[in-house]
Structures are given as structure tokens and as C-alpha cells.
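A short worksheet on the structure shown next.
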Amino acid sequence: MDYGVSDPAGGHPRSPAQHRAIKILLAGGFGVGKTTLVGAVSEIRPLRTEEPLTEGSLRTDSTVGVEGKTTTTVAMDFGRISLRSDLVLYLFGTPGQQRFWFMWDELAIGALGAVVLADTRRLADSFPAIDYFERRAIPFIIALNCFDGARRYDTEDVRMALDLDPDMPIVLCDARSRESAKDVLITLVEHVLMTASEEPVSGIV
């Protein structure tokens, strides 16, 4: 899907060969590093909707494993990165807490793919995002955020734990690193293109 970019003179949108924009989502559990990844990779100042955790929210949102976290995304994170001169990614980070999941349906409109960012110490937090994208047939990949001090697992062990298909890309990353985050997005784009090429063409018997 191409997001048409209007000609400055008011003419027709530029051709896909000149400019292609792809909307992708970044999802995962609370405190998994979504805001950090968007901030690391975005070539513009990222839009953030973070609010301090209050005593009331702490009674609702589990901070097990992320006890040092003091803020939470309440709507979305937004960033942009140019992979090539003719290919721009618009990255939307979703809120992680269940009480904000109603935002996902709005953010998913027009999305071509998604990254599920996971913490191997809390893999179960990835299931809601995986189920969401599977139900809506949105291509996605798994990115394992390698937190300092966390145990490293073989990607095939993670595949079994999450019950993923054999062809589902699983990559290791450091959400703080621009190059690492960029590699994650490139892997997603390649997966989206591969998935699209495997879909049957309607009207051809």
C-alpha cells in the first residue's frame, strides 16, 4: 500500500517509484522498550504520549520485572525513518497496558506490518500482540530486546515458547541502538514484501 504524496503544484500524487511510505506498528508488553526503540531510530524528534505512573495506575498495571519504570505510554509513540531515498517508514508504538488496548484498532488502520518487541524475562506479555496481529492477518516479526543482565535464549527456543510458525522471523536487538533498531525494521519490510509476494493474485485461475 502506498500513501500518495501530493505534488507541490497540486497535481496528481507522485508515482510509487518516487516515494513510498509504509505505516508499521511496534507492539509488546508494558516496559519492553517500545518508546526507547522509536526514539533511537527516528530521524525526527519522536512524538511521545508518556505520563508518570501514579499510585492509582500502579494498582492496575503490573510492574513486575520493570520496577524502575516511572512513566507509561497512554496513546502512542510516533517516529519516522527513511530506509532509502524512495522508502519512508512511519512507526507507531502502541501502549502496552491492557487498559489502553482500545487504541490499537485506531493505530492499526492502514498498517502493512508490525514488530512485536519482546523481553525474554516476560515472554507471556507478548501473547496479546501476537494474537492481535494473527487475527487481523497483519504480517509481523518478533524482536527480542536484549536487556542488560537478561539471559540469552536461542531464537528457536523462543519460537517454541511462543508457538510461532517456522518461517516467522525472530531477531535479537538492542532497542537503544539506532543501527540495531534499523535492522529490525529492515527485517520487517523484507518479511512484508515476502508475504505479499506469496499471496494469490485474484482473478487468475
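The values are calculated or read from the model by the stated rules, or taken from the named source; none is laboratory data. Everything quoted here is computed from the prediction, not taken from an experiment. Quick reminder, even Gly has a Cβ in these numbers, built from the backbone with ideal geometry, and neighbours come from all protein chains shown.
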Practice problem: Answer yes or no: is there a residue in the range 6-21 that is modelled with pLDDT under 85, in contact with a Pro (Cβ under 9 Å, 6 or more places away or on another chain) and acidic (Asp, Glu). | Solution: yes
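Does the range 94-101 contain at least one residue that is among the β-branched types (Val, Ile, Thr), touching a residue at least 60 places away in the same chain (Cβ under 8 Å) and assigned to a helix (DSSP H, G or I)?
No, that holds for no residue.
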Quiz item: Does Leu123 meet the test of being modelled with pLDDT of 95 or more and surrounded by 11 or more Cβ atoms within 10 Å (Cβ to Cβ)?
Solution: no
Practice problem: Hey, could you check the range 130-181 for residues that are of a type in the set (Gly, Ala, Ser) and either closer than 25 Å to Leu83 by Cα or part of a loop (DSSP other than H, G, I, E, B) (or both) and say which is farthest from the chain's Cα centre (by Cα)? | Solution: Gly149
Exercise. Look at Val158 and say whether it is surrounded by fewer than 20 Cβ atoms within 10 Å (Cβ to Cβ) and of a type in the set (A, V, I, L, M).
Key: yes
Exercise. Read through the list (1) farther than 15 Å from Phe30 by Cα; (2) touching a Phe, Trp or Tyr at 6+ places or on another chain (Cβ under 6 Å); (3) at pLDDT 95 or above; (4) not charged (D, E, K, R), then give the number of the only condition that Ile141 fails.
Key: (2)
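Tell me whether the range 100-110 contains one or more residues that are crowded, with 22+ Cβ neighbours inside 10 Å and either at pLDDT 90 or above or under 18 Å from Gly33 (Cβ atoms) (or both).
There is no residue in the range 100-110 that is crowded, with 22+ Cβ neighbours inside 10 Å and either at pLDDT 90 or above or under 18 Å from Gly33 (Cβ atoms) (or both).
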